[in-house]
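Reading through the structure tokens given below for one structure.
The values are calculated or read from the model by the stated rules, or taken from the named source; none is laboratory data. Quick caveat: nothing in here was measured; it's all calculated off a predicted structure. Don't worry about glycine lacking a Cβ; one is built from the backbone with ideal geometry, like all the others, and counts go over all protein chains shown. The protein model used for the area step is the full one, side chains on, heavy atoms only, and it has no ligands, DNA or RNA in it. Shrake-Rupley method; radii C 1.70, N 1.55, O 1.52, S 1.80 Å.
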Amino acid sequence: MTAEARPASPPLTERQEARRRRILHASARLAGRGGFEAVQMREVAEDAGVALGTLYRYFPSKIHLLVATMQDQLQHLHATLHQRPPAGQAPAQRVADTLMRAFRALQREPHLADAMVRALTFADRSVSPEVDTVSRITTAIILDAMELEDPTPEQLSAVRVIEHTWHSALITWLSGRASIAQVKIDIETVCRLIDVTRPEGAS
């Protein structure tokens, strides 16, 4: 069955959601210790206290699991940003500050960051719904920082370019090909697209 044809899963019960969260926490712990290779499905199941078959019912592969782990990390960041939103006056400044906060959170756990980014890179069409969710959360984080509820097509296009640049900057940093200072410059530069795409007369 293709990703497009895959039926929507029924809502999880409270017990199932708690089990799913244990699995995601176990995935993050193992990735944080040893990166992508350290996340072995059998070890995740043991760490989470679930049967291996149960783990595969929630996450069909290691890639599904790690992309879902990134989704969970971004949701946590989004909640934190709601509590402590960026303080800059200009939208571009707020978005750049938000993305650098996200980058620094990943920087604190480079093995986990590397595992999640590698999973996104390896994801095929079967993981499309999970990858799309990661993208939607990232878009929501950027739009919240812009304080924008009804973006124009041009603004959404700018947000996509900003997302791509942030992801690329993360990859180059993880591979040792870019310093944190260079990442900051790249993020601040691409965020200027927000000013370019702002409708005339907008405050």
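Mind running the shape call on region 23-129? Use the C-alpha gyration tensor, a ≥ b ≥ c as the square roots of the eigenvalues: rounded below 1.5 for a/c, prolate if a/b tops b/c, oblate otherwise.
Because a/c hits 1.5 or more and a/b exceeds b/c, region 23-129 counts as prolate.
Would you kindly state how much longer the chain becomes between V196 and M41 on full extension, computed as 0.36 nm times their sequence separation minus their alpha carbon distance, in nm to one decimal?
Details: separation 155, 0.36 × 155 = 55.80 nm, distance 4.59 nm.
Length difference between fully extended and current span is 51.2 nm.
What's the angle, to the nearest 10 degrees (0 to 90), between helix 128-146's Cα axis and the longest principal axis of the chain?
Orientation of helix 128-146: about 30 degrees from the principal axis.
Could you order the peptides 82-93, 127-138 from most to least packed, using the average number of other C-beta atoms within 10 Å per residue?
Per-residue mean Cβ counts within 10 Å order the peptides as 127-138, 82-93.
Once the Cα atoms of helix 62-83 and of the chain are each reduced to a long axis, what angle between those two axes, in degrees from 0 to 90 to the nearest 10, is obtained?
Long axis of 62-83 versus the principal axis of the chain: about 50 degrees.
Take the solvent-accessible surface of the protein heavy atoms, probe 1.4 Å, and return the percent of it on region 83-203 that carbon and sulfur atoms account for. Let's see the in-between values first.
Working: 3450 of 6670 Å².
Of all accessible area on region 83-203, carbon and sulfur atoms account for 52 percent.
Please label the shape of region 91-145 as rounded, prolate or oblate, based on the square roots a ≥ b ≥ c of the eigenvalues of the alpha-carbon gyration tensor (a/c under 1.5 means rounded; beyond that, a/b larger than b/c means prolate, else oblate).
It comes out oblate by the Cα gyration axes.
Quick one: ranking D97, D72 by accessible area, 1.4 Å probe, largest first, what do you get?
Reading off the accessible areas and sorting them downward yields D97, D72.
Going by a ≥ b ≥ c, the root eigenvalues of the Cα gyration tensor, does the chain fall in the rounded group (a/c under 1.5), the prolate group (a/b larger than b/c) or the oblate group?
Verdict is prolate for the chain.
Would you mind calculating the gained length between S61 and F122 on full extension (0.36 nm times residue separation, minus the Cα-Cα distance), in nm to one decimal?
Value of the extension gain: 20.8 nm.
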